[in-house]
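Below is one structure, written out as structure tokens, with a few remarks after it.
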Amino acid sequence: MNRLEDFFYNQPHRICQKWKHYFPIYERFFSKFQNKPDFKILEIGVSQGGSLDMWRNYFGDQALIVGIDVTEHCKTFETGNTKVRIGSQQDPEFLKSVIDEFGDFDVILDDGGHMMEQQITSFLSLYAHVKFGGFYVVEDCHTSYQEQFGGGIRKPDSFIELAKRKIDELNGLHVQGYHREFNTDFTRTTLGMSFYDSVVVFEKGEVAPIESVQAGS
Ligand SMILES: C[S@@+](CC[C@H](N)C(=O)[O-])C[C@H]1O[C@@H](n2cnc3c(N)ncnc32)[C@H](O)[C@@H]1O
């Protein structure tokens, strides 16, 4: 059991709802940020405040934790350097106002409404605002396979299909011919993508010039 699971199951906090297999994923990518003084995380989807408690315990007292939600009641969870802003993740102007107020984040985690348009609008609006060395994480991507969320297998406008297309941009430097549209800001600022059951993690960083090297006799 990692620290997050220990807190989730064994310590007092407000209600938090996650899938069990997410905890090792968080640990894999987020552990380097624990107790880092200038760390900033934006979580889309506050609900009953439990995940704000979990992140506070995990990242430490000095972390800036920002939650956004459409539900006004979530504002009551704001305290100290845990901030809550009310608005829709589907509203680029609202998302811009959050970035204008808090600047770029080390981690942006989408655990909001999980509708295709919401996940896609948030990703397209916010990915540029993840710091190098940080991560953009989209949870509950199983909704990409579910009609009630606007998904469906291989549906071109699902979030998971967008993520699959981003693999071509990740490899954009190698696309031959006149397909320069694959060599994008995403190509230049994404070190990797990790796919798990229901979760996609984008690793942000400055991509060094690629070179093929050989050594050994
Ligand atoms: C799955 S819950 C969040 C759970 C919370 N992160 C946790 O771990 O306990 C999803 C939340 O997203 C919020 N939500 C739904 N649509 C939204 C939207 N368009 N913009 C922002 N938040 C939204 C809901 O109000 C709800 O509180």
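Taken together, the values in this text are just the output of simple stated rules run on the coordinates, not laboratory data. A quick note: this is a predicted structure, and the numbers were derived from the prediction, not measured.
Test of understanding: what is the full-extension gain from Asp168 to Cys16, defined as 0.36 nm times their sequence separation minus their Cα-Cα distance?
51.2 nm
At 222 nm, what value in deg cm²/dmol follows for the chain if DSSP H runs of at least 4 each add -39500 (n - 2.57) and the sum is divided by all its residues, to the nearest 500?
About -8500 deg cm²/dmol.
Just the Kirkwood number for segment 1-109, please: inverse of mean 1/r across all distinct Cα pairs, in Å, one decimal.
It is 14.2 Å.
Stokes-Einstein D for segment 55-97 at 20 °C, 1.002 mPa s, Kirkwood Rh over Cα pairs, in µm²/s?
192 µm²/s
Going Cα to Cα from Lys83, which lysines come in below 27 Å? Please leave out same-chain ones fewer than 8 positions away.
The qualifying lysines are Lys18, Lys20, Lys32, Lys36, Lys40, Lys75, Lys96, Lys131, Lys204.
Among DSSP beta bridges whose residues both lie in the chain, state the antiparallel percentage, nearest 5.
Among the beta bridges of the chain, antiparallel pairing accounts for roughly 35 percent.
Between helix 50-59 and the chain, what is the angle of the helix's C-alpha long axis to the longest principal axis, kept within 0 to 90° and rounded to the nearest 10?
Compared with the principal axis, the helix lies near 70 degrees.
How large are Rg and Dmax for the chain when calculated on the C-alpha trace, in angstrom?
Spelled out, the Cα radius of gyration and Dmax of the chain are 18.0, 66 Å.
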